[in-house]
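Got a structure for you, written out below as structure tokens; questions coming shortly.
The values are calculated or read from the model by the stated rules, or taken from the named source; none is laboratory data. Fair warning: this is a prediction, and the values are worked out from it, not measured in the lab. Note: ideal-geometry Cβ built from the backbone for every residue, glycine included; neighbour counts use all protein chains shown.
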Amino acid sequence: MRVLIVSDTHGTVDARIVALARDCALVLHAGDVGSADVVDALAGAARDVIAVRGNNDVAAKWPGAQHDRLAALPLERIVDLPGGRVVVVHGDAHPPRSRHAALRRAHAGARAVVYGHSHHMLVDDTAAPWVLNPGAAGKARTNGGPSCLVLDATDDAWRVEAVRFDPPTRVFATDPTGGSHGNRQ
């Protein structure tokens, strides 16, 4: 099973990441979604989207007509994949210095823990469970360009690919059909 892992879109998902979702059965979003439009754009490309709420996913930062969708976002999701279980959280509940140890202790039965919040992509597979952060998939604080992770999960093995795009020369908001429109920066 091919899984796209994203986080920290803050209301806008890069069109190149939406294009990657077309080849994935599932998208995991680790919070700071910013708008239901992001979920809809990803759902228009992949078969399923599972998202959690981040510290910036609050009513004051979401369009008023989407508050029901915001309220439906949980703080944590547990997802069974071929070969193991993934826990998806935003990651802001733990201080940076002890975050990986705390996530590993809290979710010892998982094969991987996915989190966001820091906007820094990383794959820490040095201990179990793995700790994965896709970085930022939107336009804010991407630290070198929008990024994501692609997990290929089978019963026998998991492989994680880190993907980082160059910063866009245009800012794109993606619609649910996969089209895009932009404004010059």
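Does His29 fit the bill of being at pLDDT 95 or above, touching a helix residue (DSSP H, G or I) at 6+ places or on another chain (Cβ under 8 Å) and within 16 Å of Asp8 (Cα to Cα)?
The answer is yes for His29.
Assess whether Gly116 counts as being surrounded by 13 or more Cβ atoms within 10 Å (Cβ to Cβ) and either small (Gly, Ala, Ser) or modelled with pLDDT of 85 or more (or both).
yes
I'd like to check something: does region 19-33 contain any residue that is in contact with a Pro (Cβ under 7 Å, 6 or more places away or on another chain), farther than 13 Å from Leu70 by Cα and among the charged types (D, E, K, R)?
Checked against the condition, which is being in contact with a Pro (Cβ under 7 Å, 6 or more places away or on another chain), farther than 13 Å from Leu70 by Cα and among the charged types (D, E, K, R), region 19-33 yields no hits at all.
Any residue that is of a type in the set (A, V, I, L, M, F, W, C), farther than 19 Å from Cys24 by Cα and in a strand (DSSP E or B) - is there at least one of those in region 84-94?
Yes: region 84-94 contains one or more residues that are of a type in the set (A, V, I, L, M, F, W, C), farther than 19 Å from Cys24 by Cα and in a strand (DSSP E or B).
Report, by residue number, each residue of region 53-78 that is under 19 Å from Ala153 (Cβ atoms) and in contact with a Lys or Arg (Cβ under 7 Å, 6 or more places away or on another chain).
Listed by number, the list holds a single entry, Ile78.
How many residues are touching a residue at least 40 places away in the same chain (Cβ under 8 Å) and either over 18 Å from Pro146 (Cβ atoms) or over 18 Å from the mean Cα position of the chain (by Cα) (or both) if we restrict to region 96-120?
2
Looking at Val18, Val27, Val33, Val58 in this structure, which one is farther than 18 Å from Asn133 by Cβ, hydrophobic (A, V, I, L, M, F, W, C) and buried (at least 24 other Cβ atoms within 10 Å of the Cβ)?
Val18
From the residues in region 46-81 that are touching a strand residue (DSSP E or B) at 6+ places or on another chain (Cβ under 8 Å) and part of a loop (DSSP other than H, G, I, E, B), which one is nearest to His10 (Cα to Cα)?
My answer is Val52.
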